[in-house]
1. Considering only the stretch 15-37, state which residues are assigned to a helix (DSSP H, G or I), farther than 30 Å from A5 by Cα and either of a type in the set (A, V, I, L, M) or in contact with a Leu (Cβ under 8 Å, 6 or more places away or on another chain) (or both).
2. Evaluate the following for L53: is it at pLDDT 95 or above, assigned to a helix (DSSP H, G or I) and surrounded by 11 or more Cβ atoms within 10 Å (Cβ to Cβ)?
3. Out of all the residues in the stretch 1-14, which are assigned to a helix (DSSP H, G or I) and either in contact with a Leu (Cβ under 9 Å, 6 or more places away or on another chain) or not aromatic (F, W, Y) (or both)?
Amino acid sequence: MMGSAVGSVMGCLFLMLSMVNVIEIRLGLLSCGSQSSIHATAALVILVSSALLVYISTAVYAFLH
């Protein structure tokens, strides 16, 4: 059960990385300083991180109770 939760979190992280690559393809490279690309990536990272925080805390609570 724990392996499934860890795999799910890892899948979300890899999906986020692939979405960052799509943002770089569509809006410009992050290393070039494209402001729209930086803002879109920052929004994506904030949203995914907050969602993963909720998911991980819920999973830990479920495993402990």
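The values are calculated or read from the model by the stated rules, or taken from the named source; none is laboratory data. Not measured: the values here are computed from a predicted model. Here Cβ is always computed from backbone atoms with ideal geometry, including for glycine, and neighbour counts include all displayed protein chains.
1. Within the stretch 15-37, I25, L27, L30, S36, S37 qualify.
2. no
3. The answer is M2, G3, S4, A5, V6, G7, S8, V9, M10, G11, C12, L13.
Results for (1) acidic (D, E); (2) exposed (fewer than 10 other Cβ atoms within 10 Å of the Cβ), shown as yes or no for each residue.
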{"position": "M1", "(1), (2)": "no, yes"}
{"position": "L13", "(1), (2)": "no, no"}
{"position": "V20", "(1), (2)": "no, no"}
{"position": "E24", "(1), (2)": "yes, no"}
{"position": "S34", "(1), (2)": "no, no"}
{"position": "A40", "(1), (2)": "no, no"}
{"position": "H65", "(1), (2)": "no, yes"}
